[in-house]
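For reference, the structure discussed in these notes is given below.
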Amino acid sequence: MQFKIQNLFSSKLNFLCLFFAISSITAIGQGLRTYATEAGLNFGTMATIQQFRPNPKGYKDTLSTQFNMTFPGNELKFKNVEKERGVFNFAYSDSVIAFAEAHGMKSRGHCLIWHSFSQNPAWLTDRWYGTNPWSRAELLSIMKTHITSVVSHYKGRISEWDVINEGIGIGDGHPNGLRKSPWQSIIGDDYIDSAFVYAHRADPTAYLYFNEYGGEGAIASEYAKRDTVYNLAKRLLARGIPIHGIGFEAHFGNYVNTGAISANMKKLGELGLRVSITELDMMNTTNLPNNWKNLMNACLENYNCTSFVTWGIDDKTSWMGSDCGCLIWDSTFVRKSAVYKVLSDAMKAANPNISAQRKAFAAQLPYPQTPLPKAATPTINYCQGETAVPLSVVGSKLRWYSTLTGNVYDLFAPTPSTKDVGTKSYFVSQTISGLESQRVEIKITVTAPTTWYQDLDGDGKGDQMVKLVACAQPTGYVKEASTGINDISSDNNLNVYPLPFKESVMIRLNNGDNQIVGVRILNLSGVTVEQNDEVNKSFISVGAGLSKGVYIALITTSNKTYSTRIVKL
Ligand code: 9MR
């Protein structure tokens, strides 16, 4: 060691190198980066190609001494990374990620799926609309390839991904507030589920985010959007989707209600979610440094606020233009002392208990490694035909998300035997508040006796989400009749016993026009035991031998009123 030190001082040049190395270590020691690291916070910024490549005014030094997280702002967007279908270009993003790694910084991945027409390649958008649009299966497969390739390329290296960017469209008329983007319109609402599942599979160590602007809760007129994001996250979590965080873009104006933002962070934390401020810029930074202070404090007081990221370092390359004065460094790359000071002071004063909590929380592995929220218990009942709804597999249970109620039901825990291995249709149904019901046919590939998968892309191999096809039976709602399925009535010639519902369920099919078109008895694995598909009848029956005896279900209909009788022979 002594030898090395002597050698180091042996020339003026080496002495200067050491001097700069020491001063840069000193800068780290006193900069925002250090205070953030002490608070367990990722303090980050995206690196613009315009600044990063030419490296003006020591841009890279500022990046590595003041921030502990950086990533490419634009070059991981679909348009740039997969300009040609299936051909990926990571040239620029690799250089930024390598820079981050060389300087012990973390990275974000921005962004996988975005609706923006101009930010997607022409080969993709050419068939978003028009006479020959992508089919659901095609677009899912494109999405799967894209997400899998990009996330896998950085497996273990990018700590958090914006999986869906700006997927809310308040005013688009979607009942759950989703943006009616081509992704949503062609694939369906479950494009979000699938995107998260694909990303999680490609890198189970990465934290996956839904990134949104205007969902922060900064101003009252955006509370509806804030709540929409919250409700979506809650539903995704309830059905086992691996979502780990919400991105608050935070492109703010002069007024920011940081108290409301903090409350929103807390609420999301109660769902187990992280919050990252992902694209922060604020108008009038020079004159209103307290907006920064208050926002930083909102983050620091919530242990689940794990990243605080600005959308660039300096005003010159800000997407808002230099007149906005939106960032911490001005357009001549001089740091704005007031805002720099309030940020440093806030981080230095961070509550050590919360910082410790944040560090522990941030170290948790992304679920599903951790337990998921418990789902409600289902009631399997009868069917009147409905459109397909998303299902997922949680453990060995089939979990169904009802689009009518927004509820989640764990339907059954099938234990298929070895002979069931292969792709097979199962039927499930759910009564909604006694009036309406949904029924779906699901094709499930059973690869092992206790493992159920969905074949999402038609490649014959199981995926995690369950594929749904439209109900094969006539659809339509019919109000439940005066007598319900559990009603037991007597028949002159027969003894009447309850159907052992614990082991079976009867389904009445109808065409919504006072005609029964089928009746069947299913066991609780959803497998039809017996069925009768006679059409246009006002009286129909089906019998089934179950372990407790032979049962016959009789249904008569008149003027859209159904009578159901269950008899045991
Ligand atoms: O700042 C980004 C700008 O350079 C790009 O031209 C533009 C389109 O890719 O995206 C800007 O960043 C956006 C981000 O990706 C998503 N949220 C809004 C940001 C500002 O428009």
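Going by the conditions given, is Glu160 of a type in the set (Asp, Glu) and touching a residue at least 24 places away in the same chain (Cβ under 8 Å)? When the stated conditions are applied, Glu160 passes them. Here Tyr207 meets each of (1) modelled with pLDDT of 90 or more; (2) out of contact with any strand residue (DSSP E or B) (no Cβ under 6 Å at 6 or more places or on another chain); (3) more than 16 Å from the ligand (Cβ to nearest atom); (4) not acidic (Asp, Glu) with one exception, condition (2). Count of region 99-129 residues, restricted to those that are closer than 23 Å to Phe308 by Cβ and either small (Gly, Ala, Ser) or within 14 Å of the ligand (Cβ to nearest atom) (or both), is 10.
The single condition among (1) at pLDDT below 95; (2) surrounded by fewer than 17 Cβ atoms within 10 Å (Cβ to Cβ) that Lys144 does not satisfy is (2).
One line per residue, one yes/no per condition, for (1) modelled with pLDDT under 90; (2) among the β-branched types (Val, Ile, Thr); (3) over 19 Å from Phe117 (Cα atoms):
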{"site": "Leu140", "(1), (2), (3)": "yes, no, no"}
{"site": "Gly156", "(1), (2), (3)": "no, no, yes"}
{"site": "Asn165", "(1), (2), (3)": "no, no, no"}
{"site": "Leu178", "(1), (2), (3)": "no, no, no"}
{"site": "Ile187", "(1), (2), (3)": "yes, yes, no"}
{"site": "Asn231", "(1), (2), (3)": "no, no, yes"}
{"site": "Leu237", "(1), (2), (3)": "yes, no, yes"}
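Out of Lys83, Lys57, one residue alone is within 16 Å of the ligand (Cβ to nearest atom) and among the basic types (Lys, Arg). It is Lys83. The sole residue among Ala298, Ala238, Ala263 that is buried (at least 24 other Cβ atoms within 10 Å of the Cβ) and hydrophobic (A, V, I, L, M, F, W, C) is Ala298. For region 81-108, a residue qualifies if it is part of a loop (DSSP other than H, G, I, E, B) and open to solvent by 50 Å² or more (accessible area, probe 1.4 Å), and the qualifying residues are Lys83, Arg85, Phe88, Asn89, His103, Gly104.
Of note, Tyr129 satisfies the criterion of being more than 17 Å from Thr148 (Cα to Cα) and part of a loop (DSSP other than H, G, I, E, B). Just one of the numbered conditions (1) under 20 Å from the mean Cα position of the chain (by Cα); (2) open to solvent by less than 30 Å² (accessible area, probe 1.4 Å); (3) within 16 Å of the ligand (Cβ to nearest atom) is not true of Tyr213: (2). Scan region 25-57 for residues that are more than 33 Å from the chain's Cα centre (by Cα), open to solvent by 30 Å² or more (accessible area, probe 1.4 Å) and closer than 18 Å to Ile328 by Cα and the total you get is 6. When the residues of region 160-207 are narrowed to those that are among the aliphatic types (A, V, I, L, M) and in a loop (DSSP other than H, G, I, E, B), which ends up most open to solvent (accessible area, probe 1.4 Å)? Checking each candidate, the answer is Ile170.
The values are calculated or read from the model by the stated rules, or taken from the named source; none is laboratory data. Small disclaimer: the values here were computed from a predicted structure and weren't measured. Neighbour counts run over all protein chains shown; Cβ positions are idealised from the backbone, glycine included. Just the protein is used for accessible areas: all its heavy atoms, side chains included, with ligands, DNA and RNA removed. Shrake-Rupley method; radii C 1.70, N 1.55, O 1.52, S 1.80 Å.
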